[in-house]
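The block underneath contains the structure these notes are about, expressed in structure tokens.
The values are calculated or read from the model by the stated rules, or taken from the named source; none is laboratory data. Keep in mind that this is a model prediction, so the values were computed, not measured. Note: ideal-geometry Cβ built from the backbone for every residue, glycine included; neighbour counts use all protein chains shown.
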Amino acid sequence: MVVPNPSSSAILPSYSYSSLPDAADSDAGAPANRRRVLLLSGLVTIVTLVASATYIGLVSRWDSELPEAIKHQRPPPLTLPRGVAEGVSTKSHGLRLGVASFPWTNRMLTWQRTSFHFQPKINWMNDPNGPLYYKGWYHFFYQYNPEGAVWGNIVWGHSVSTDLIHWRHLPIAMTYDQWYDSNGVWTGSATLLPNGDLVMLYTGSTNQTVQVQNLAYPADPSDPLLIDWVKYPKNPVLVPPPGIDIHDFRDPTTAWLTSEGKWRITIGSKINKTGISLVYETMDFKNFELLEGVLHAVPGTGMWECVDFYPVSTSGENGLDTSMKGSGVKHVVKASFDDDRNDYYSLGTYDEETAVWHPDDPKLDVGLGLRYDYGKFYASKTFFDVEKKRRVLWGWIPETDSELADIQKGWASLQAVPRTVVFDRKTGSNVLQWPVVEVEKLRTKSWQFSNVVVQPGSVLPLDVGKKTSQLDIMAEFELDQEALNRVNETDEMFSCSTAGGAANRGALGPFGLLVLADESLSEQTPIYFYVAKGAEGKLKTFFCADESRSSKATDVMKPIYGSTVPVLKGEKFSMRILVDHSIVESFAQRGRTCITSRIYPTKAIYEDAKIFLFNNATEANIIASLKIWQMDSAYIHSYPTELIM
């Protein structure tokens, strides 16, 4: 059903924005997967914690509602954040000191599970690993704990799809069954060779927690599902070189081919506080030579993990194979920063002869300028989709609630909807990220609103039915030109994270949408633009997501995220928002700036979740046009056992 297009705000009830609370008021070549049956049948290792009486009460109340495999999970006691003691970045996110656990109900926690984002049926997931397209199937491997909803016991989960949206879970691909990966089968990458062979390099944490690089390959290359994997008998193929700490050597990239027919990979590391990416060369993926120098280094950025390195076309819309080089090509270097848990990237030029990459703009070097995403988005990895000639980006979306809540619901973490990545030919200084087109197959009913005038200080409800927990929203906004000319210099020092969120009123913003809001607006998540005007009339636009009022719960993080976004002459302010229960992915100006939010409402769930237009500027009307689709659920289930045994 399509609702007739309203042409003015008179058709929509108006609310006064002043009713919103101020910010201060917010509350041996062994089979790699030979242990998979044992791991899957024995899901839970019981761990103990001396719990508070409050926690014991919560667990006892929940026992009758949880699957048997989850009932006995308890988080182990933490001395260091989970992962740090094992030599990898922090993976735990326990309750903040002095913050009580919120009394979550089964109804609330059931609502949090997403419907079209990838996640396992149960337990913990983190980094994407080795994504590729192989013999008609998209393969997605991921860091997985088959024994609980917290980090640990890391193996490679494995799922396949024909469209990157609907997934079938397969048996565990690789598990920790050798001395060189006995403390975890960590992140790695796939490389497809010109002859069709497939190799997988991954980091193993040894029995002494040394980080080493290992080789694996399909047991049966003719199997399009890649069910069974074999580890190279002479692993590890790489150990930390002199001068590199045993805990600072991880996450090999997809390899690229040189003009001399050799393969190169890069691996993240650090020297003191300088983040670096080492470069190795090989002919056979078994014997490697460390090249002199580094691909790139940035002082003060700390450990680089999950490094990614790939080309983008400066003239076309298609993605490029990882080995592509030459004119009309720039190279992206991306690093996931262990110190602050964000993914930074930069555009530049790669010199094959010296194996060195140089940023186009030193002010926008890795860690100094651009991020893939200004919310929760980490450990990302791209692959070249040979079927559709595109570069596809995966990103891990961690939880921002408490580990106690994760254990109660029995799962933790998501993957973002896969995104295409292309060079922004209009700005020349960034990439554009956009959800893969296949997600649009999930669109069902739609509503369209055209040229809706929203006056300063107004909130307008949008009637799009009762199913507002799964939406795809496309919105464009125009500022009243008369007001824009009238307004003098405004706050150019604005910052999304420090300016008080959507309740902070300026002459030209904020304006945008409230998603996952209840009728009274006691819970709401604003996604919005804020425009500052400089002394010479130059506009500076910010794109923000305000989680500070997203939930009444006390044990969830509720930050305000965002950054600047280029809005070029003649462009309207545009955003796309994917709402899928506890995750909201937001894209400004066709993906120049992206923000991923994790939202845990207690009231704005199911039929009580609403969506509103708002304009909290003091001086300017906005004119908004929107199209909103309800989204169907993706098919994400186990592959029929009889087809894989």
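Residues that are under 30 Å from residue 141 (Cβ atoms), at least 2 per element: which strands (runs of 3 or more DSSP E) completely within region 390-481 meet that? Outline the logic, then answer.
Working: elements: 390-397, 419-423, 431-435, 443-454, 458-461, 470-479.
Filter on region 390-481 gives 390-397, 419-423, 431-435, 470-479.
Inspect region 620-633 for any residue being assigned by TED's automatic domain parsing to the domain that holds residue 572, part of a strand (DSSP E or B) and small (Gly, Ala, Ser) and give the result as yes or no. Yes, region 620-633 has at least one match.
A quick yes/no check of all residues on (1) basic (Lys, Arg); (2) within 23 Å of residue 310 (Cβ to Cβ); (3) not in a strand (DSSP E or B):
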site: 114; (1), (2), (3): no, no, yes
site: 119; (1), (2), (3): no, no, yes
site: 124; (1), (2), (3): no, no, no
site: 131; (1), (2), (3): no, yes, no
site: 142; (1), (2), (3): no, yes, no
site: 151; (1), (2), (3): no, no, yes
site: 163; (1), (2), (3): no, yes, yes
site: 188; (1), (2), (3): no, yes, no
site: 196; (1), (2), (3): no, yes, yes
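Residues that are more than 16 Å from residue 288 (Cα to Cα), in contact with a Leu (Cβ under 7 Å, 6 or more places away or on another chain) and loosely packed, with under 14 Cβ neighbours inside 10 Å within region 219-256 comprise just one, 221. In the condition set (1) of a type outside the set (Val, Ile, Thr); (2) surrounded by 16 or more Cβ atoms within 10 Å (Cβ to Cβ); (3) modelled with pLDDT of 90 or more, residue 483 is compliant with all but (3). A count restricted to region 322-348 and to residues that are of a type in the set (Ser, Thr, Tyr), surrounded by fewer than 19 Cβ atoms within 10 Å (Cβ to Cβ) and under 26 Å from the mean Cα position of the chain (by Cα) stands at 1. Of the residues making up region 108-126, those that are of a type outside the set (S, T, N, Q) and within 18 Å of residue 580 (Cβ to Cβ) are 108, 109, 111, 113, 116, 117, 118, 120, 121, 125.
Would a scan of region 562-573 turn up a residue that is in contact with a helix residue (DSSP H, G or I) (Cβ under 6 Å, 6 or more places away or on another chain) and at pLDDT 95 or above? Show your work before the answer.
Of the residues in region 562-573, the ones in contact with a helix residue (DSSP H, G or I) (Cβ under 6 Å, 6 or more places away or on another chain) are none.
No, region 562-573 contains no residue that is in contact with a helix residue (DSSP H, G or I) (Cβ under 6 Å, 6 or more places away or on another chain) and at pLDDT 95 or above.
Of all residues in region 563-589, those satisfying the criterion of being under 25 Å from residue 437 (Cα atoms) and small (Gly, Ala, Ser) are 574, 582, 586, 588. The single condition among (1) assigned to a strand (DSSP E or B); (2) in contact with a Lys or Arg (Cβ under 6 Å, 6 or more places away or on another chain); (3) assigned by TED's automatic domain parsing to the domain that holds residue 186 that residue 379 does not meet is (2). Residues that are in a loop (DSSP other than H, G, I, E, B) and aliphatic (A, V, I, L, M) were ranked within region 220-269; the one that is nearest to the chain's Cα centre (by Cα) is 255.
Restrict the check to region 127-143 and report whether at least one residue is touching a Ser or Thr at 6+ places or on another chain (Cβ under 6 Å) and among the small types (Gly, Ala, Ser).
Step one: filter region 127-143 for residues touching a Ser or Thr at 6+ places or on another chain (Cβ under 6 Å), giving 127, 129-130, 138, 140.
Narrowing further to those that are among the small types (Gly, Ala, Ser): 130.
For region 127-143, residues touching a Ser or Thr at 6+ places or on another chain (Cβ under 6 Å) and among the small types (Gly, Ala, Ser): present.
Test residue 540 against the stated conditions and say whether it is of a type in the set (D, E, K, R) and in a strand (DSSP E or B). Spelling it out, residue 540 is indeed of a type in the set (D, E, K, R) and in a strand (DSSP E or B).
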